[in-house]
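A.B. asks: Quick one: structure below, then a few questions.
The values are calculated or read from the model by the stated rules, or taken from the named source; none is laboratory data. All figures in this text were calculated on a predicted structure; none of them were measured in a lab. With ideal geometry, Cβ positions are generated from the backbone for all residues, glycine too; neighbour counts draw on all protein chains shown.
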Amino acid sequence: MDQTIDLFIIGSGPAGMAAAIYAKRAGMSVVLMEKTGISGGQVLTTYEVDNYPGLPMMNGFDLSEKFSAHAAHLGVTVSEGEVEKIIDQGNGKLVVTRDANYITKAIIIATGANHAKLGVPGEEQLTGMGVSYCATCDGAFFRGRTVAVVGGGDVAVEDAIFLARTCQKVYLVHRRESLRAAKILQEAVFGLSNVEILWNTQVKEIRGEEMVEGLQLCDSKTGEESTLAVNGVFIAVGTLPNTSFIKGLVAMDEKGYIVAGEDCETSVPGIFAAGDVRSKQLRQIITAAADGANAVTSVERYLLENAM
């Protein structure tokens, strides 16, 4: 059955939740849809959040619960379902899901991005227990300890530089014999005495019981295997935006992120992007929440200019 609403929000992580809160406060009719049935996005897999203002040392699950409780207090309900496609009909947009179709005046896409995984034994089991995908989020927990960073691009090298400030030893594990990072970053990391680069090296396994204890490594040229004792491992081999369902609908960059500025406006009027799914410099909980607020402000302006 078709339903006509002001705003359809896809994804209930920090960006989607913030958008729903702002939209409800603005008096909009809102549908907030989450395909997993559990709100929070990547926050749910963050063992501890120590960089969200006012809530230090917060468990990721608990922070997500606070977002959800705030939204529920304003009357936001989360609908479980997966958007199969969006059809732009000009002033109206048709959102097609398996169970229902929705006609909405505006859409906010807040489907986030997933960190690319190594796909090795131990990675899933130890995520949040020494395996991290965000050095700026979790690096402080490894002060004075030994860690490894996996990758060779800008993010990996930036992570190694960042971690070297507080960690006793940082290993940068890269499967090739040269880095892909910008020259200025390479020069910076080469100059750090507590960073050691392991060239032509791949991670075969992440080991540990309740916490990360070490890595099983393999020389990509000789095939020789070795072990490396570390307290944590930061995986920086890229991210994958959740945008496959809208391919060809809005402009995206070469990596698949939706092209949208701080106003969150996409190339299609009435469709907005917020959070990690958007092309941006920094992907954090606080920037995702800020995107949600900015997106709704843009939606309000759009609805006023295109009164239906």
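A.B. asks: Any residue that is under 22 Å from Thr136 (Cα atoms), at pLDDT below 90 and buried (at least 23 other Cβ atoms within 10 Å of the Cβ) - is there at least one of those in region 44-62?
C.D. replies: yes
A.B. asks: Take Glu224 and tell me if it is of a type in the set (Asp, Glu), in contact (Cβ under 8 Å) with a residue 24 or more places away in the chain and farther than 19 Å from Gly119 by Cα. Spell out the reasoning first.
C.D. replies: Values: of a type in the set (Asp, Glu): yes; in contact (Cβ under 8 Å) with a residue 24 or more places away in the chain: no; farther than 19 Å from Gly119 by Cα: yes.
Here the answer is no, as Glu224 does not meet what is asked.
A.B. asks: Can Ile206 be described as closer than 29 Å to Gly119 by Cα, among the β-branched types (Val, Ile, Thr), crowded, with 22+ Cβ neighbours inside 10 Å and assigned by TED's automatic domain parsing to the domain that holds His174?
C.D. replies: The answer is yes for Ile206.
A.B. asks: Tally the residues that are in contact with a helix residue (DSSP H, G or I) (Cβ under 7 Å, 6 or more places away or on another chain) and in a strand (DSSP E or B), restricting the search to region 226-247.
C.D. replies: Our first condition is that a residue be in contact with a helix residue (DSSP H, G or I) (Cβ under 7 Å, 6 or more places away or on another chain); within region 226-247, this holds for 231-232, 234, 236, 241-243.
When the remaining residues are screened for being in a strand (DSSP E or B), the result is 232, 234, 241.
Number satisfying all stated conditions: 3.
A.B. asks: Go through (1) at pLDDT below 95; (2) among the aliphatic types (A, V, I, L, M); (3) not assigned by TED's automatic domain parsing to the domain that holds Ala273 one by one and return the number of the condition Ala100 breaks.
C.D. replies: The failed condition is (3).
Residue-by-condition table, conditions (1) buried (at least 22 other Cβ atoms within 10 Å of the Cβ); (2) assigned to a helix (DSSP H, G or I); (3) in the same structural domain as Gly128 (by TED's automatic domain parsing); (4) under 17 Å from the mean Cα position of the chain (by Cα):
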| position | (1), (2), (3), (4) |
| --- | --- |
| Leu249 | no, no, no, no |
| Gly256 | no, no, no, yes |
| Pro269 | no, no, no, no |
| Asp276 | yes, yes, no, yes |
| Gln281 | no, no, no, yes |
| Asp291 | yes, yes, no, yes |
| Val299 | yes, yes, no, no |
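A.B. asks: From the residues in region 223-246 that are modelled with pLDDT under 95 and surrounded by fewer than 17 Cβ atoms within 10 Å (Cβ to Cβ), which one is farthest from Phe142 (Cα to Cα)?
C.D. replies: In this case the residue turns out to be Phe245.
A.B. asks: Which residues, taken from region 29-43, are surrounded by 14 or more Cβ atoms within 10 Å (Cβ to Cβ) and among the small types (Gly, Ala, Ser)?
C.D. replies: Initial filter on region 29-43 (surrounded by 14 or more Cβ atoms within 10 Å (Cβ to Cβ)): 29-35, 38-43.
Across region 29-43, the qualifying residues are Ser29, Ser39, Gly40, Gly41.
A.B. asks: A follow-up question, please. If you check Val83, Val96, which single one turns out to be surrounded by 13 or more Cβ atoms within 10 Å (Cβ to Cβ), within 28 Å of Ile271 (Cβ to Cβ) and free of Cβ contacts under 8 Å to residues at least 24 places away in the same chain?
C.D. replies: On the way: Val83 fails: free of Cβ contacts under 8 Å to residues at least 24 places away in the same chain.
The conditions single out Val96.
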